[in-house]
């Protein structure tokens, strides 16, 4: 009875079943009986008196209390534990797919975020590189302009400027390559080759770096 009240339904005695089967659109069968409670002799007459109204029967008893044959009565839909288990399995599988899809979306978004963070780090690194070498360039160009204003040969000033800039720009990479060679860091050597666009670079045995 408590189950019926919780579902806004009505519990009826078995002897009242015939009349209520005519009235009820949803029938929940939940008993401890070990035999069939609702069969063709109960359902078929009730359906003839329902003027075409459909009936939905839910059998949650174990063993089943509603005969399987009532599925053949026009207008009757029977849902037993087996069908409920199928529905539960379908819902579980659907939820698993939803979780899988959600995880895939999260993974894709995290990958996009990671790529964006790497791009931001690279942009910041390039900004620092440009700032550093622009500062070097400005200082050397200032010195060269001072020498030109002092009347020195433009050809000599430009040659010294080019040599000075090349030496300052390559000082740090040269030191890093020498250190990598001494430590056997071939990864950095390969990265240097790619960074400077060198098609051919002869391997130098670790610790045998050339003098600059």
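The values are calculated or read from the model by the stated rules, or taken from the named source; none is laboratory data. Remember, it's a predicted structure, so these values are computed and weren't measured experimentally. Cβ atoms come from the backbone with ideal geometry, glycine included; neighbour counts cover every protein chain shown.
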Q. Mind checking whether some residue in the range 148-171 is within 52 Å of the chain's Cα centre (by Cα) and loosely packed, with under 11 Cβ neighbours inside 10 Å?
A. yes
Q.
Tell me yes or no: at least one residue of the range 124-134 is over 41 Å from the mean Cα position of the chain (by Cα), at pLDDT 90 or above and loosely packed, with under 12 Cβ neighbours inside 10 Å.
A. yes
Q) Which one of these is at positive phi and loosely packed, with under 13 Cβ neighbours inside 10 Å: 51, 32? A) 51
Q) Given the structure, is residue 61 farther than 17 Å from residue 85 by Cα and assigned to a loop (DSSP other than H, G, I, E, B)? A) no
Q | The one condition in (1) in contact with a strand residue (DSSP E or B) (Cβ under 9 Å, 6 or more places away or on another chain); (2) loosely packed, with under 11 Cβ neighbours inside 10 Å that residue 120 fails to fulfil | A | (1)
Q: Examine the range 64-81 for a residue that is surrounded by 11 or more Cβ atoms within 10 Å (Cβ to Cβ), part of a loop (DSSP other than H, G, I, E, B) and within 45 Å of the chain's Cα centre (by Cα), and state whether such a residue exists.
A: yes
Q) Under 7 Å by Cβ, and 6 or more places apart or on different chains, what pairs join a residue from the range 161-180 that is within 18 Å of residue 129 (Cα to Cα) with one that is at pLDDT below 90 and part of a helix (DSSP H, G or I)? A) 173/192; 176/188; 177/189; 177/192
Q) Out of the range 11-48, which residues are touching a residue at least 12 places away in the same chain (Cβ under 8 Å) and in a loop (DSSP other than H, G, I, E, B)? A) 24, 25, 30, 31, 32, 33, 34, 35, 36, 37, 39
